[in-house]
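Throughout, read-outs are computed from the coordinates displayed, never taken from laboratory work. As the structure is a computational prediction, the values presented were derived from the model and not from experiment. In this analysis, Cβ positions are derived from the backbone assuming ideal geometry, glycine residues included, and neighbour counts consider all displayed protein chains.
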Amino acid sequence: MRPLSTLASVLIVSLPLLTNAQATRTWVSGVGDDANPASRTAPGATFAGAITKTAQGGIIDVLDPGDFGPVTITKSITIDGDANEGNIVVSNGIAGVVINAGTNAVTLRNLSFEGLGSASSAIEILSASVVHIENCRIDGFLGSGIDDSNTTTNEQVFVNDTTIHGCGTNGLGLAPASQGTITIQNVNVTACGDGIDVGANTTAVIISSTVSHNNNVGISSLGLVDLSSSAVTDNGGQGLDATKPGKIVSYRNNAVTGNNPDGKATSLGTLK
């Protein structure tokens, strides 16, 4: 049998380990407190506070509506607004979410971003292997709604069921430093500077999306754009603009009209 003093020492050493353990699932609430452990019964107040208590590969959930502030993500994680559509309200040159996660995967789901006309970008992707942006609402950013300058090789970004409105530079500015593939599906981009700006290292697959009433170009490409079942309409500048060596491949089922001018695809693809 161990002496009582030895058992006491074991317990004392173990306590900090238990205290510092990170949870695989945490919660935030509009009435939460970042001094809490971010559990369901004692939720945190901000995404930045909750992420420090969330394990690699974990999930941050929103219990009820609130403004949960900006956050920088440096590990694999999911932030899910759930049915409450968690809000991130920022201004004065601040970004809503900065993803600097190396080769990890990040998911942002059911979130609303408000830039108040002065925040930099809603989502800035600096590094990550895979990024999912699902069912998000982005409005009123001075820069881009989604600004992708990813340095991770062969990134994959998926933007689904998302609305981007009123962003000064681009709805989506896609210029990864290394080769990247971005899939954009059921996305609406309106009233931004340019709609979708695709950089030289990028393949953008745009499906069932609308790019309309932007101030300048609808879709510009220095890389490769595959465009299908989409509408590019009523933009203040050229609808489709591919600058060599860029390409825009249209799969013959798009509406490109009312732009100034409409422009045209560099080639036509055939749906299989």
Practice prompt. Can you tell me the order of 124-134, 97-107 when each peptide is scored by its average per-residue count of other Cβ atoms within 10 angstrom, highest first?
Written response: 124-134, 97-107
Response to the item:
To the nearest 10 degrees, the tilt of helix 4-19 (Cα long axis) against the first principal axis of the alpha carbons of the chain is 20 degrees
Worksheet item: How much mean residue ellipticity at 222 nm does the chain get from its helices, if each DSSP H run of length 4 or more adds -39500 (n - 2.57) and you divide by all residues, to the nearest 500 deg cm²/dmol?
Response: -2500 deg cm²/dmol
Response to the item:
Amide H proximity to Thr152 below 5 Å, modelled H, separation 5+ or other chain, gives Ala128
Discussion item. If packing is taken as the average number of other Cβ atoms within 10 Å across a peptide's residues, how do 26-32, 264-270, 140-146 rank, most packed first?
Written reply: 140-146, 26-32, 264-270
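Compute, for the stretch 130-266, the length of the dipole vector about the Cα centre, with Cβ point charges of +1 (Lys, Arg) and -1 (Asp, Glu) only. Units Debye, rounded to 20.
Value, rounded to 20: 340 debye.
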Worksheet entry | Val89 long-range amide H proximity, modeled H, under 5 Å | Phe68, Gly69, Glu114
Discussion item. With +1 on the Cβ of every Lys and Arg and -1 on the Cβ of every Asp and Glu, and nothing else charged, how large is the dipole of the chain about its Cα centre, in debye rounded to the nearest 20?
Written reply: 760 debye
Worksheet item: When you count, for each residue, the other Cβ atoms within 10 Å and take the mean per peptide, how do 237-243, 63-69 rank with the highest first?
Response: 237-243, 63-69
Worksheet entry | Label of the coordinate-derived value, Kirkwood radius over Cα pairs in Å, listed as (i) 19.5; (ii) 20.4; (iii) 18.3 | (i)
Worksheet item: In the chain, which cysteines lack any other cysteine Cβ under 4.7 Å from their own?
Response: Cys136
Discussion item. With a 10 Å cut-off between alpha carbons and a GNM built on the chain, which of Asp148, Asp34, Asp234 moves the most?
Written reply: Asp34
Worksheet item: Check Lys247: other-chain or 5+ apart residues with amide H under 5 Å from its amide H, H built from backbone geometry?
Response: Gly223, Leu224, Val225
